[in-house]
Structures are given as structure tokens and as C-alpha cells.
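Rule-based calculations on the coordinates, nothing more; no lab input. Values in this document were obtained by computation on a predicted structure and should not be read as measured data. Glycine also receives a Cβ, built like all others from the backbone with ideal geometry; neighbour counts cover every protein chain displayed.
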Amino acid sequence: MKIAVLPGDGIGTEIVAEAIKVLKVLDLPFEMETALVGGAAYEAHGHPLPESTLKLAQASDAVLFGAVGDWKYDTLDRPLRPEQAILGLRKNMGLFANFRPAICYPQLVDASSLKPELVAGLDILIIRELTGDIYFGQPRGRRVATDGHFPGAEEAFDTMRYSRPEIERIAHVAFQAAMKRDKRVTSVDKANVLETFQFWKDIVTEIGLQYPEVTLDHMYVDNAAMQLVRAPKRFDVVVTGNMFGDILSDAAAMLTGSIGMLPSASLNSKNQGLYEPSHGSAPDIAGKGIANPLATILSAAMMLRFSLNQAAAADRIEAAVSKVLDSGLRTTDIWSEGTTRVGTTAMGDAVVAALAK
Ligand code: NAD
């Protein structure tokens, strides 16, 4: 088994180092190879996703990814910006299904911005379609400039599109995931205004007929945003398009206390996957040694379960994280009165120690 390790920029390198420490103590038969991606790759090779990095990712069973981006690249031509590396990996590896579980650990109920009774026991799964929608529409409007900005332009546009097979396959993923959970799917759309999402709704409904045990309901995205903060436990599996999923999954992340706790998996039809924390490169805290590595460590657990067929090892990591939280250790983002504040490395060390017990 081969893992491509792409730490990226900002806190990416700090948190991936902790996940690697955890993976190494499991003593499993896999090989890890590291490569540059994002701003770091742009600095070294002039491109955020060099051919060699893409080849390594494609030739691996799984990719463990940190995060990319920094404000200093905001003036670069869009194709050269660090974030393009993610889009390139998703497109070239066919990673169409993004799993973002939002689980509220009982130990962190007080770190949520919502009342404890609203989030205690929360366990929802947001499934975001990842390779279609407005982020991949053609043509992209560009009236004047090529530097990523539009001085003097009169308009700019992006096109929203989905094809039937793109919707069908993500719908199947959602219904199959629901079969292993509480058997409820909420499909989020904007069918009242957008043709693309009326099409989405019709096709999800059609696929739903093949899963009679699963209850399907439809919700407009504006209502879904409201329900996520009003009564998040009403959801089980939420399936939606790329843009709505981007926004809703970050909102769901905060329900659980911190985006620093949330793993994600992006899979293709061969179960090859890219595993990364839900958050970005956090330039505001990079280099300070205070980033929470748990989202990345939990992403490594998802990687073991989904792409490397090592479910028992994944369970061990998740249990170790829970033990560490029980012991009261907290990084700054999840710290509350009465708990012990630790940095990135100490948190990684604590997970390693809990695994050894
Ligand atoms: P961000 O997720 O990097 O940070 C948002 C806030 O959450 C910041 O205050 C940050 O300090 C905090 N935070 C994030 N992760 C944390 C962690 N592990 N521990 C503690 N606190 C954490 O989002 P942003 O600030 O909007 O974006 C920063 C850069 O990251 C941008 O260049 C953006 O494009 C990029 N980005 C990359 C990805 C990715 O690599 N997949 C995703 C989102 C944003």
C-alpha cells in the first residue's frame, strides 16, 4: 500500500507531521512518499500541482493532504494559485464524492457555538459532489484581465452545470451511505430558482426509488442553512452539489466545536481517496505551533478505513483521540475553562501515547 503525503502550506506541514507520527506507530505495511503541493510547489517548481506530484498521487492508494494557500498568492494568475492544486487533484483523480462527517464529541459540547442540547450526540454526514457544478463550469467569464482580477470589466460570470451521470453517481453514494446509518437522506437544492437544481432534484428522486428503505426529503439550500443551526440533529445524510456543499459543510463544522476537529475524505469510483482536514492552511496561526492536528489525524483514520482496508486501525486511532479528549488536553481552538491547553506537537504525542496503551 502506498500513501502520497502532500503537506502543502501554512499549518499543513505542522498537522501532517503529527498524523504521520500516529500512522508510523501502527506499524502497518505501507510506504509513504512526500511531495510538494500548493504555494510550496509554486515556489519550487513554478506550479501549484507539478506533474511529478500529480503522478505520485495517481499512483498511490491514498493521498494524505494538509492544506494549501496563503494570502500572499492572491495576486497570482488564477491557474497558478495554490488552491488550484486541490481542484486539479480532484479532477484528475476523479474524486467526485466528498464525505464530511460532523460529529460532536461529548467532551467538546461546550466548545460548540450552539447550545449543548442542540449538538450533544450530533452525528451527521454531509456528502458534497466535488467535480461538477459552478466550480467546474465552462466557460469561465473573463472579460479583460488575465491576472485574476477585472479592472474596468463590465461583467464576469461562471456557469453552473451538472450532467445526469454526475448526479446519479453521487446520489448512489448518498443512499448507500444512508443504508449503513439511520437510512435518511436530505437532498439540498435550489430547485425553485435554478434549472440545474431542478434537474438534480428529479434525478435524486429517481435514484431514490432504488432504495425503498431510505427516506428521502428535499430541502432548499437557504432552509438547510437555517435548519443546520436550528435543529441539526434532524439530519442524517445530507447530499448536495459542490458549491452548496462547500458552504454547508463549513457551517456544520462549527456545530461540532471547531473546524480543527473535522476530517474529510474525497473518493473516486475505485475507492482511491484524498484525505484532508476540512479546514484550510490557517495563515493566521501558521508557524505558532498551536494548530489542532486532530482533524488530520482523524482524516488518516478515514484513509485507513476507506482506501487501505484497515478498519481496525482506524477504530484504534478514533478511540485514542477520544481518550486524549477525556484526559482534558485541548488545543487553543477547543480549549475551555478547566481543560489543559497544549500545542500541536503535544497533542500528536498524546494520541501516540494513547495508542500505545
Ligand atoms: P482556514 O480554514 O485556513 O482558517 C479559518 C479559521 O480557522 C482561522 O482563524 C484559522 O486559524 C482557524 N483554523 C483552521 N484550522 C485550524 C486548526 N487546525 N486549528 C486551529 N485553528 C484552525 O480558512 P481561511 O482563513 O478562509 O483560508 C486560509 C487559506 O486556506 C486560504 O488561502 C484558503 O484559500 C485556503 N484554504 C485551503 C483549503 C484546502 O487546502 N483544502 C480549504 C479552505 C481554505
Problem set entry | Cross-link pairs beyond the 29 Å C-alpha cut-off, checked among K24/K270; K183/K270; K180/K323; K72/K323; K55/K183; K115/K183 | K72/K323; K55/K183
Problem set entry | Pairs of Cα atoms farther than 22 Å apart, the range 242-338, % | 35 percent
Exercise. What ranking do L114, L125 get, fewest neighbouring Cβ atoms within 10 angstrom at the top?
Worked result: L114, L125
For this session: Pull out the extension gain between M1 and A311, defined as 0.36 nm times the separation in residues minus the alpha carbon to alpha carbon distance; nm, one decimal.
Result: 110.1 nm
Exercise. Taking the Cα atoms of the range 123-255 alone, what are Rg (to one decimal) and Dmax (as a whole number) in Å?
Worked result: 16.3, 55
Problem set entry | Over the range 216-269, volume per residue of the alpha carbon convex hull, in Å³ | 101 Å³
Exercise. Can you sort H279, H47 by how many other beta carbons sit within 10 Å, fewest first?
Worked result: H47, H279
For this session: Report, to two decimal places, the Cα Rg of the range 49-144 normalised by 2.2 N^0.38 Å (N = number of residues).
Result: 1.45
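Among D133, D250, D70, which comes first, then next, by fewest other beta-carbon atoms within 10 Å?
D250, D70, D133
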Exercise. So what is the diffusion coefficient of the chain in µm² per second by Stokes-Einstein at 37 °C and 0.692 mPa s, using a Kirkwood Rh over Cα pairs?
Worked result: 157 µm²/s
